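Worksheet: one structure, shown below.
The values are calculated or read from the model by the stated rules, or taken from the named source; none is laboratory data. Source: prediction; values computed, not measured. Counting neighbours? That spans all protein chains shown, and the Cβs are built from the backbone with ideal geometry, glycine included. What goes into the accessible areas is simple: the full protein's heavy atoms, side chains included, and nothing from ligands, DNA or RNA. Shrake-Rupley method; radii C 1.70, N 1.55, O 1.52, S 1.80 Å.
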Amino acid sequence: MRKEECFYLGKIAKKFSFKGEVLIYLDTDEPELYENLESVFVEHNKHLVPFFIETSSIHKNDFLRVRFEDVNTEEDADALIGNAVYLPLTMLPKLTGNKFYFHEVIGFEIEDQRLGVFGKITSINDSSAQPLFEVLNGEVEILIPMIDHFLVKIDRENKKVIMDLPEGLVEMYL
């Protein structure tokens, strides 16, 4: 499995017991969706390695307590601490309406109700306090804040994100 075909689920945060159990920090708003997984991919030396789950349960809201097959000691568990955990993109629940996954809108055109189509979304910058659409208009990169109030519609059929942006936001880049 390649990383491009997967989504980041979380990170193995710490050991839970002396029998090899670990706690996976889940980077999701709905941890209960991932309580009964059969397996996950753990990143090890830049490769995704499948790990099969014997038992799992939600622990303190954001953690998944997991016992992996063939991880039976503290030493086995220690080797996994800090590694990222992934699942195939096919396991993401389908979103409808104006909810979307960041990877889903890459390549979509972005349209303002006043200006029309002004570029294509090349990526999403979520390293700042407010996630931003990175939009390419010819050679010019435009940063558009992902604010619910600005978002009018996610048009999956026509691959467009339609927004109602404040006057001057796009124009200051062009």
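Is the range 100-118 home to any residue that is surrounded by 13 or more Cβ atoms within 10 Å (Cβ to Cβ) and within 30 Å of residue 20 (Cα to Cα)?
The answer is no, given that none of the residues of the range 100-118 is surrounded by 13 or more Cβ atoms within 10 Å (Cβ to Cβ) and within 30 Å of residue 20 (Cα to Cα).
Residue 82 - would you say it is at positive phi and touching a residue at least 24 places away in the same chain (Cβ under 8 Å)?
Details: at positive phi: yes; touching a residue at least 24 places away in the same chain (Cβ under 8 Å): yes.
Yes.
For the structure I just gave you, tell me whether residue 81 is in the same structural domain as residue 132 (by the TED database), modelled with pLDDT of 95 or more, over 13 Å from the mean Cα position of the chain (by Cα) and among the aliphatic types (A, V, I, L, M).
No.
So, in the range 123-165, of the ones that are among the hydroxyl-bearing types (Ser, Thr, Tyr) and not in a strand (DSSP E or B), which residue ends up most open to solvent (accessible area, probe 1.4 Å)? Outline the logic, then answer.
Let us first name the residues in the range 123-165 that are among the hydroxyl-bearing types (Ser, Thr, Tyr), namely 123, 127-128.
Keeping just the survivors that are not in a strand (DSSP E or B) gives 127-128.
Working: 127: 106, 128: 53 Å².
Checked the range 123-165; the qualifying residue most open to solvent (accessible area, probe 1.4 Å) is 127.
Of the residues 28, 73, which is among the hydroxyl-bearing types (Ser, Thr, Tyr), closer than 29 Å to residue 153 by Cβ and not assigned by the TED database to the domain that holds residue 143?
Numbers: 73 fails: closer than 29 Å to residue 153 by Cβ.
Within the list 28, 73, the selection yields 28.
In the range 69-102, what residues are closer than 23 Å to residue 51 by Cβ and assigned to a helix (DSSP H, G or I)?
Within the range 69-102, the subset closer than 23 Å to residue 51 by Cβ is 69-93.
Matches in the range 69-102: 74, 75, 76, 77, 78, 89, 90, 91.
Just one of 52, 18 is in a loop (DSSP other than H, G, I, E, B), more than 18 Å from the chain's Cα centre (by Cα), loosely packed, with under 14 Cβ neighbours inside 10 Å and among the hydrophobic types (A, V, I, L, M, F, W, C); which is it? Give the steps one after another, and end with the answer.
Values: 52 fails: in a loop (DSSP other than H, G, I, E, B).
Step by step, each of 52, 18 is checked, and only 18 is in a loop (DSSP other than H, G, I, E, B), more than 18 Å from the chain's Cα centre (by Cα), loosely packed, with under 14 Cβ neighbours inside 10 Å and among the hydrophobic types (A, V, I, L, M, F, W, C).
Would you mind finding the one in 8, 25 that is part of a strand (DSSP E or B), open to solvent by 50 Å² or more (accessible area, probe 1.4 Å) and over 13 Å from residue 87 (Cβ atoms)? Before you say what the answer is, go through the steps one by one.
Numbers: 8 fails: over 13 Å from residue 87 (Cβ atoms).
Step by step, each of 8, 25 is checked, and only 25 is part of a strand (DSSP E or B), open to solvent by 50 Å² or more (accessible area, probe 1.4 Å) and over 13 Å from residue 87 (Cβ atoms).
Residues checked against (1) part of a loop (DSSP other than H, G, I, E, B); (2) touching a residue at least 24 places away in the same chain (Cβ under 8 Å):
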residue	(1), (2)
4	no, no
37	yes, yes
41	no, yes
48	no, yes
